[in-house]
Amino acid sequence: MQRQFIERAITFAALVSAVPIALFLGKDLNWDFQNYHLYAGFSAFNARWQQDFMPGSIQSYLVPYAHVPLYWMVRAGMPAIGIGAVLALLHALNVVLAVGIARTICPSPTRRRLVLTLMATAALVYLTPVYLNELGTSFIDVSSSVPIVAAVALLLRSSDASGWRTTVFAGFLLGVGAALKLTNLIFIPAAVAMCLALPRAWRVHWATLVHLGWSSLAGYLLIAGYWHYMAWSQFGNPFFPFFNALFHSPEFPLVEIRHQRFLPESLTDYLTRWFQIAMPVRDLYTETTAPDVRLAAIGILSGIMGLRLLRPPQAARSGQGHDANEIRRRLIAALVFIAAAYMFWMATSGNGRYFMPVLVIAAPVLVALIDSLFGATRAHLPVLLSVLAVQGVQTVIGADLRWNPNPWRQQWIDVRAPAALVTRPHLYLSIDMQSSSFLAPFVHPQSGFVNVGGQYAIGPGTPGFDRLQRLLMERGDGEIVLLMAAREDASDVTHPMLAPDNPLFRSVARFGLESDGRSCEVVEVGDVLGGVSQHKDRTQTPPKRSDSGSALWVCSLRRASTTFNPPKSIERVFNMIEQACPQRFAPGHQLTVPSYNTWMRTYVGSDVMLWAGNDHLWYRPWNGGEPIPLGTIDAWLSGHGQIDCAQKFIAVQH
């Protein structure tokens with residue numbers, strides 16, 4: 001009875017601790033929230049298929065249901081602190097499940113050892129930078145990992161006597177997790193590998209594979225089936241625009257979108273990433289700095305345990321109260337899950353956010369390894385505390401715990417749209433890499449949104465242009481507007497007046513549109529939005545943002561007969577650069593679009609932007625970093641252009 005009370009008390013404390021931690025870290029209005037998180041929740045039960053087209057760029061048509069709770073809370077006017085608390089409790093279910101896994105793979109023969117095991121497990125989850133980075137935020141990696149971790153917990157506790165129902169329920173949870181976030185699909189084969197490592201008869205293994213297969217498919221289709229059907233009926237691709245090399249939708253290039261920025265570039269990189277992520281380096285395995293020593297510790301301790309297992313078997317320590325061999329086999333099975341998931345993860349993305357279930361499960365596995373190797377010695381407590389201390393220092397000092405921190409104001413996001421945008425429908429053409437589709441729920445419900453200049457630029461001759469043309473034909477003059485982040489181009493920030501020949505309007509000239517000469521409407525946002533405050537030249541560092549908030553400009557357009565095409569010399573040089581480094585600039589032959597006084601191509605596969613302006617060339621990853629110079633246009637045209645295809649960053653003096 002006392003052990004049950006201890007377990008429940010620690011589990012409850014681990015759950016509720018998420019709230020003060022999330023509130024302390026602050027509200028996070030991250031780039032993805034502005035780009036598609038809020039829009040996804042809005043679109044889930046509002047039929048937007050016909051009036052929008054890629055409003056949040058390539059992420060627009062991902063299965064949206066995991067974003068619905070946040071959207072409902074925002075639209076209901078729930079206080080921001082309340083929203084953060086609810087999300088934190090939802091995300092903390094990962095910690096609760098991790099504590100449950102610790103009870104399964106750690107013997108904990110005494111109450112003292114039990115307390116130490118459970119508290120250390122919860123602490124190691126909360127000290128995970130990638131987990132903390134998403135705790136209480138709009139990201140769904142951390143919420144969609146809950147059914148995955150729950151499935152692993154069930155499978156580790158299952159036995160021959162538990163029957164097929166446990167396996168079926170676990171498979172169903174795996175399917176649900178994959179449906180909520182497609183990148184979780186890699187954990188289904190990893191769970192299969194884990195089951196094969198459990199001490200079961202082969203007939204049980206075959207039955208497990210069958211039950212996991214059909215139940216995970218059922219869970220996936222229950223959640224995502226209808227959404228995929230709608231995407232298929234609209235675009236001819238149930239995963240639009242992903243996997244379009246397979247489905248051949250005419251609305252998107254026939255390419256495979258495979259983000260390369262975190263993928264290993266060599267076998268050495270593949271084998272050592274396990275240890276590399278212990279370093280406080282940005283853009284190594286996630287966009288933020290997120291040093292994590294736990295996987296390196298698991299790798300080292302697993303090797304030591306493997307050497308010990310080569311010895312003749314020894315009797316279990318007295319007083320354990322459990323079959324030591326069974327517990328060890330469960331621990332080995334958990335290690336197999338981590339290893340298999342790692343292989344699939346590195347082969348598909350290498351993005352730490354998509355590895356969330358393993359980063360959660362790593363906590364109880366690490367605690368169990370330390371217990372298995374040092375539990376009978378005096379070194380147990382010092383080793384465990386040392387790991388906690390090292391990870392704690394790394395997290396507190398070296399990690400970015402929020403993407404775009406904001407204070408806890410009354411509302412989650414304070415959008416104040418002018419009456420003209422609320423009472424009249426418009427077609428919003430956003431030209432920035434940041435689509436700002438979060439505006440959609442706050443304007444007239446019959447308005448349409450298209451991101452024409454984001455991760456995939458749309459223009460004459462590109463896939464998707466015909467659909468955009470149909471949307472343009474449905475609107476009259478004054479009903480088509482340009483949506484962009486507020487610039488520094490106008491002296492009157494409340495009613496900015498941009499000259500018709502302002503370079504910003506070059507972005508829509510390819511659609512036969514121009515400014516109608518009227519002042520722009522201003523959408524005020526009472527928060528500082530990352531990626532919204534833009535400098536007129538995107539190859540330069542953005543100006544400092546004001547803590548008072550941000551703003552969007554909505555400028556009315558009219559039809560025109562003029563167009564604005566890129567010089568043929570720039571098109572030729574861009575093609576030459578693509579041919580020199582096809583992996584760095586993938587997929588090639590993208591649309592060249594104006595970006596203020598420069599010309600630009602964006603590469604959705606490699607997350608790179610390429611610029612040309614004032615006879616000079618640059619490129620850089622779209623999510624940050626200093627522009628990397630590529631010399632002059634004349635040098636490339638004369639055959640003297642040079643590029644280091646392996647270079648990702650440029651040395652910067654601080």
Every cysteine in the chain with no other Cys Cβ under 4.7 Å from its Cβ, please list them in numeric order. Cys106, Cys195
Kirkwood hydrodynamic radius, computed over distinct alpha-carbon pairs, for the chain: how many Å, to one decimal? 26.5
Please give the per residue accessible area of segment 1-57, computed with a probe of 1.4 Å over protein heavy atoms only, in Å². 41
Once you order the gyration tensor axes a ≥ b ≥ c over the Cα atoms, which shape class does segment 547-608 get: rounded for a/c under 1.5, otherwise prolate or oblate by comparing a/b with b/c? oblate
Can you give the FRET efficiency to the nearest 0.05 for Gln647 and Gln2, using r as the Cβ-Cβ distance and R₀ = 41 Å? 0.10
Given Cα pairs under 8 Å that are at least 6 residues apart, what percent is the relative contact order of the chain? 16
log10 of Debye I(q)/I(0), alpha-carbon scatterers only, for segment 136-268 at 0.13 Å⁻¹: -0.67
Long-range tail of P(r) for segment 58-120 (Cα pairs > 16 Å, %): 62
Size of the dipole of the chain about the Cα centre, Lys and Arg at +1 and Asp and Glu at -1 on the beta carbon, nothing else charged, in debye to 20? 2380
What does the net charge come to around Val525 if you take all other residues with beta carbon closer than 9 Å to its beta carbon, with K and R at +1 and D and E at -1? -2
Rounded to 0.05, the calculated FRET efficiency for the beta carbons of Asn565 and Ala419 at R₀ = 51 Å is 0.85
Between Leu222 and Glu479, what is the label-point separation in nm under the 7 Å Cα-to-beta-carbon projection? 4.3
Go through segment 476-484 residue by residue and turn each phi into a ³J(HN,Hα) via Karplus (6.51, -1.76, 1.60, θ = phi - 60°); whole Hz please, and just put x for glycine and proline. x, 4, x, 9, 10, 10, 9, 10, 7
Just order 457-468, 557-568, 600-611 by mean Cβ neighbour count inside 10 Å, highest at the front, would you? 600-611, 457-468, 557-568
With the Cα gyration tensor of segment 108-183 giving a ≥ b ≥ c as the square roots of its eigenvalues, does the rule (a/c under 1.5 for rounded; else a/b larger than b/c for prolate; else oblate) give rounded, prolate or oblate? oblate
If amide hydrogens are placed 1.01 Å from N in the peptide plane, which non-local residues have theirs closer than 5 Å to the one on Leu29? Asn404, Asn406
Just going by the charge dipole of the chain, with Lys and Arg at +1 and Asp and Glu at -1 on Cβ, which of Gly26, Val192, Gln647 is farthest out on the positive end? Val192
Only helical DSSP H runs with n ≥ 4 go in: add -39500 (n - 2.57) per run for the chain, normalise by residue count and round the 222 nm mean residue ellipticity to 500 deg cm²/dmol. -14000 deg cm²/dmol
For segment 246-252, in order, what is each residue's ³J(HN,Hα) by Karplus, 6.51 cos²θ - 1.76 cosθ + 1.60 with θ = phi - 60°, in whole Hz (x at glycine and Pro)? 8, 8, 6, 5, x, 8, 8
Expressed as a percent, the accessible surface of the chain that is carbon or sulfur, using a 1.4 Å probe and the full set of protein chains, is 61
Mean accessible surface per residue for segment 354-473, computed with a 1.4 Å probe while every protein chain stays in place, in Å²: 34
Suppose each label sits 7 Å from its Cα in the direction of the beta carbon; what would the Arg572-Glu265 distance come out to in nanometres? 3.0
Give me the extension gain from His248 to Phe45: residue separation times 0.36 nm, minus the current Cα-Cα distance, reported in nm with one decimal. 70.4 nm
Go through Tyr61, Val450, Thr462 and say which Cα lies farthest out towards the positive end of the charge dipole of the chain; charges sit on Cβ, +1 for Lys and Arg, -1 for Asp and Glu. Tyr61
Under the 7 Å Cα-to-Cβ spin-label approximation, Met279 and Glu626 lie apart by a distance in nanometres of 1.8
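The values are calculated or read from the model by the stated rules, or taken from the named source; none is laboratory data. Just so it is clear, the structure is predicted and the values come from calculations on it, not from any experiment. Positions of Cβ are generated from backbone atoms using ideal geometry, with glycine treated the same way; all protein chains shown enter the neighbour counts. Accessible surface areas use protein heavy atoms only, side chains included; no ligands, DNA or RNA. Shrake-Rupley method; radii C 1.70, N 1.55, O 1.52, S 1.80 Å.
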